[in-house]
Amino acid sequence: MAHTVDTPPPTTVEPVTEVLHGLEITDPYRWLEDQNSPRTRKWLEEQAAYTRSYFASIPDRERIRTRVRELLAMKEIISEPWNVGDSYFFLKRGES
């Protein structure tokens with residue numbers, strides 16, 4: 001059975017254009033930078049409610065949550081190494 005998704009709440013676009021280091025940059029969502037404004041707070045609440053309803057509708061959500069907890073509970077995880085130039089890197093999470 002296909003999982004259908006409602007459309008997320010709309011986000012108002014109010015372009016603000018400025019010149020930075022000689023380059024014209026337009027930010028359509030500058031108004032969201034003020035986290036304390038009533039408009040931004042309302043937008044955040046609407047987005048959070050949408051996200052909660054989306055996740056609540058996922059079939060087998062508890063099974064997925066349990067598996068993610070199992071994976072995150074591993075004491076130590078080390079990724080495969082990858083090469084960048086003359087160096088090798090890896091990611092290590094857990095005990096040091």
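Brief remarks follow.
- Bridges between two residues of the chain, per DSSP, are antiparallel at a rate of about 100%.
- With each label modelled as a point 7 angstrom along the Cα→C-beta vector, the Glu62-Glu33 pair spans 4.6 nm.
- Given the choices (1) 9.2; (2) 8.8; (3) 12.4, mean projected area of the Cα convex hull in nm² derived from the coordinates of this structure is entry (3).
- Averaging the sequence gap over all C-alpha pairs within less than 8 Å and six or more residues apart, then dividing by the number of residues, gives the chain a relative contact order of 16 percent.
- Dipole size of segment 1-52 about its Cα centre, with +1 on Lys/Arg Cβ and -1 on Asp/Glu Cβ: approximately 260 debye, rounded to the nearest 20.
- At most 15 other Cβ within 10 Å, DSSP loop - chymotrypsin sites (Phe, Trp or Tyr not before Pro), the chain: Tyr29, Phe90
- Vicinal HN-Hα couplings computed from phi for segment 18-27 (Karplus, 6.51 cos²θ - 1.76 cosθ + 1.60; Hz; Gly/Pro x): 9, 9, 10, 6, x, 10, 7, 10, 10, 10
- Put a dot 7 Å past the Cα of Tyr54, heading toward its Cβ, do the same for Ser79, and the two dots end up 2.4 nm apart.
- The charge dipole of the chain, taken about the Cα centre with unit charges on the Cβ atoms of Lys, Arg (+1) and Asp, Glu (-1), comes to about 600 debye, rounded to the nearest 20.
- At most 12 other Cβ within 10 Å, DSSP loop - trypsin sites (Lys or Arg not before Pro), segment 24-96: Lys75
- Accessible area of segment 52-96 belonging to carbon and sulfur atoms, whole % at 1.4 Å probe: 58 percent
- The phi-based Karplus calculation (6.51 cos²θ - 1.76 cosθ + 1.60; θ = phi - 60°) puts the 3J(HN,Hα) values of segment 47-62 at 5, 5, 5, 4, 4, 4, 5, 5, 5, 5, 8, 6, x, 6, 4, 5 Hz, whole numbers, x for Gly and Pro.
- Normalised per residue, the accessible area of the chain is 88 Å², obtained with a 1.4 Å probe and no contribution from ligands, DNA or RNA.
- Helix-only arithmetic for the chain: the sum of -39500 (n - 2.57) across DSSP H runs with n ≥ 4, divided by the residue total, places the mean residue ellipticity at 222 nm at -10500 deg cm²/dmol.
- Note on His21 and Thr7: the model spin-label points, each 7 Å out from Cα along the C-beta direction, lie 3.8 nm apart.
The values are calculated or read from the model by the stated rules, or taken from the named source; none is laboratory data. Fair warning: this is a prediction, and the values are worked out from it, not measured in the lab. Backbone-built Cβ (ideal geometry, glycine too); neighbour counts: all protein chains shown. Each accessible area value is taken on the protein alone, full model and side chains, heavy atoms only, with ligands, DNA and RNA left out. Shrake-Rupley method; radii C 1.70, N 1.55, O 1.52, S 1.80 Å.
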